[in-house]
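Undergrad: Have a look at this one.
What follows draws every value from the coordinates through simple rules; no lab data is involved. Because the structure is a prediction, the values reported are computed rather than measured. Note that each Cβ is placed from the backbone with ideal geometry, even for glycine, and that neighbours are counted across all protein chains shown.
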């Protein structure tokens, strides 16, 4: 199953690949990276049945993570396929952003810098891995 990471910072790829090196090698997690909301939507449209979880930054040029979340929730109104879980990630842990993300249908809200130990626990607890 795929986890789509959406962030305009390209170094996020290296960070995730380092932090999840063991899990990737074991085949527990498979990451794909998009560097804009538009790129993420294109990937989701092409791989709708594969994407199980989306980790999206909120503050990005062009389409924000909140706009991406809104579009995903509108498009996945009628399953199948099952809608992906969406976790929003932001450097700004303000209450307004959190409330807006949750109102738009986010499953979780994380702040930067990401606590990768906690993130791994969340991913395992919601069953986002291959057997």
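Undergrad: Under 8 Å for C-alpha pairs, at least 6 residues apart: give me the relative contact order for segment 1-55, rounded to a whole percent. Write down the numbers at each step before the final one.
TA: Working: 62 pairs, mean separation 32.6, N = 55.
Rounded, it is 59 percent for segment 1-55.
Undergrad: In segment 44-105, how does Rg compare with the Kirkwood Rh, expressed as the Rg/Rh ratio over alpha carbon atoms?
TA: Using Cα coordinates only, the ratio equals 0.97.
Undergrad: Could I ask something else about it? Any chance you could run the full-extension gain for residue 9 through residue 64? It's 0.36 nm times the residue separation minus the Cα-Cα distance, nm to one decimal. Walk me through the numbers before you get to the answer.
TA: Working: separation 55, 0.36 × 55 = 19.80 nm, distance 1.33 nm.
Length gained between residue 9 and residue 64: 18.5 nm.
Undergrad: For segment 2-125, take N as its residue count and report Rg(C-alpha) divided by 2.2 N^0.38 Å. Mind dumping the intermediate values first?
TA: Numbers: Rg = 13.6 Å, N = 124, 2.2 N^0.38 = 13.7 Å.
In units of the 2.2 N^0.38 Å rule of thumb, it is 0.99.
Undergrad: With contacts defined as alpha carbon pairs under 8 Å and 6 or more residues apart, what's the relative contact order of the chain in percent? Can you show the working numbers first?
TA: Numbers: 190 pairs, mean separation 34.0, N = 131.
It comes to 26 percent, rounded to a whole number.
Undergrad: Same structure again: Counting other beta carbons within 10 Å of each Cβ, put 22, 71 in order, fewest first. Display every interim value, and only then the final one.
TA: Numbers: 22 10, 71 17.
Ascending number of Cβ neighbours within 10 Å: 22, 71.
Undergrad: If you average the alpha carbon positions of segment 34-100 and of segment 1-31, how far apart do those two centres end up, in angstrom?
TA: 16
Undergrad: Then there's this: Which distance in nm do the two modelled labels at residue 18 and residue 75 give, with both placed 7 Å along the Cα-to-Cβ direction?
TA: 3.2
Undergrad: Quick one: 87, 63, fewest Cβ neighbours within 10 Å first, how do they rank? Write out the running numbers ahead of the final one.
TA: Details: 87 23, 63 17.
Least to most surrounded, the residues fall as 63, 87.
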